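**Q** Dropping a structure here in structure tokens format, bear with me for questions.
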Amino acid sequence: MKGTMRNAIVTGGGSGIGRAICMRLARDGTDVAILDVNHAGAEETARGIRELGRRAAPISVDVADSEAVNRAVSDAKREFGALQILVNVAGVGEFASFLEMTEAQWDRMIAVHLKGTFNCAKAAVGDMIDSGWGRIVNTASVAGLNGGGPGLAHYSAAKAGIIGFTKALSHELGPMGITVNAIAPGLIDTPMIRQSGRADALIQYTRERTPMRRVGTPEDIAAACAYLVAEDAGFITGQIISPNGGWWMP
């Protein structure tokens, strides 16, 4: 695959970390299908990609719906041809204390993050197997490593599940030339964080306790992703990279 044009799917590419990854991949010469439940956001990302001279396909989909994901991946393949890169970013976020958490809140968090990652990997991996080359990057979180904190039992469980899934999948797909890794960001200044109702307190708390004295940006995560999907990362699989400014050191 060295020196060839590549096609990627990025879920959750309509804003935040997903959008930054889409733009970084496009700058690196990749055509990108943007899968997002927010079609207006996906369209905006697509415009930015096209301005960089790359092809873009905004596709509306709820990643928790396996049939919808299969259709979306088929649409991406019709637009671009074979797919070599999958980056799973789509997610939801909220704080809910364990004692007050509803079953619906738990189920939705697991469905979007963990089941959504499974759905997309299952739908997209065929082309990678056929070509003997592929890159899958899943988005976990520091919360999946350390439990996050109060109000994040469902989120932390979903992200920890993604970490386990990443490691297990790397065993199965490695012999086929496909790497599977995860990025576990620390606190990143994204629209999802800004909408949480606790953004200012979270950002101040993190800045004071992080060696780098700042929170992360979506571009910090995009840079890590760009490495993991590159040809040079062919011996990296089953790994969890955590860009967090030193806030969490396992």
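The values are calculated or read from the model by the stated rules, or taken from the named source; none is laboratory data. Keep in mind the model is a prediction, meaning the values are calculated, not measured. Cβ: placed from backbone, ideal geometry, glycine included. Neighbour counts: every protein chain shown.
**Q** Is it true that some residue in region 138-150 is touching a His at 6+ places or on another chain (Cβ under 8 Å) and β-branched (Val, Ile, Thr)?
**A** No - not one qualifying residue is present in region 138-150.
A quick yes/no check of all residues on (1) without any contact (Cβ under 8 Å) to a residue 40 or more places away in the chain; (2) touching a Cys at 6+ places or on another chain (Cβ under 6 Å); (3) surrounded by 23 or more Cβ atoms within 10 Å (Cβ to Cβ); (4) farther than 22 Å from ARG24 by Cβ:
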| residue | (1), (2), (3), (4) |
| --- | --- |
| ALA42 | yes, no, yes, no |
| LEU52 | yes, no, no, no |
| ALA82 | no, no, no, no |
| VAL125 | no, no, no, yes |
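**Q** Right, something else. Can you report the number of residues in region 183-229 which are acidic (Asp, Glu) and either surrounded by 18 or more Cβ atoms within 10 Å (Cβ to Cβ) or not in a helix (DSSP H, G or I) (or both)? Show your work before the answer.
**A** Let us first name the residues in region 183-229 that are acidic (Asp, Glu), namely 189, 200, 208, 219-220.
Subsequent filtering for residues that are either surrounded by 18 or more Cβ atoms within 10 Å (Cβ to Cβ) or not in a helix (DSSP H, G or I) (or both) retains 189, 220.
The number of residues fulfilling the criteria is 2.
**Q** Here is a follow-up. Only one of SER156, SER170 is without any contact (Cβ under 8 Å) to a residue 24 or more places away in the chain, in a helix (DSSP H, G or I) and not hydrophobic (A, V, I, L, M, F, W, C). Can you tell me which?
**A** SER156
**Q** Any chance region 129-136 includes a residue that's free of Cβ contacts under 8 Å to residues at least 40 places away in the same chain and closer than 19 Å to PRO175 by Cβ?
**A** No.
**Q** When the residues of region 173-182 are narrowed to those that are aliphatic (A, V, I, L, M) and assigned to a strand (DSSP E or B), which ends up surrounded by the fewest Cβ atoms within 10 Å (Cβ to Cβ)?
**A** Taking the candidates together, the pick is ILE178.
**Q** Can you pull out every residue in region 12-58 that is more than 14 Å from PHE80 (Cα to Cα), within 15 Å of the chain's Cα centre (by Cα), outside any helix (DSSP H, G or I) and of a type in the set (Gly, Ala, Ser)?
**A** GLY12, GLY13, GLY14, SER15
**Q** Any residue at all in region 212-220 that's over 16 Å from GLY148 (Cα atoms), at pLDDT 85 or above, out of contact with any strand residue (DSSP E or B) (no Cβ under 9 Å at 6 or more places or on another chain) and of a type in the set (Lys, Arg)?
**A** Yes, there is a match, as at least one residue in region 212-220 is over 16 Å from GLY148 (Cα atoms), at pLDDT 85 or above, out of contact with any strand residue (DSSP E or B) (no Cβ under 9 Å at 6 or more places or on another chain) and of a type in the set (Lys, Arg).
**Q** Something else: Can you confirm whether region 90-98 contains a residue that is in contact (Cβ under 8 Å) with a residue 60 or more places away in the chain, closer than 20 Å to ARG135 by Cβ and crowded, with 16+ Cβ neighbours inside 10 Å?
**A** yes
**Q** Taking the condition more than 16 Å from the chain's Cα centre (by Cα) and of a type in the set (Gly, Ala, Ser), does SER66 pass?
**A** In short, yes.
**Q** Being among the hydrophobic types (A, V, I, L, M, F, W, C) and farther than 21 Å from ASP232 by Cβ: is that true of LEU35 here?
**A** Judged against the criteria, LEU35 is a match.
**Q** Could you count how many residues in region 151-182 are within 20 Å of ALA226 (Cβ to Cβ) and not hydrophobic (A, V, I, L, M, F, W, C)?
**A** Adding up the residues that qualify gives 5.
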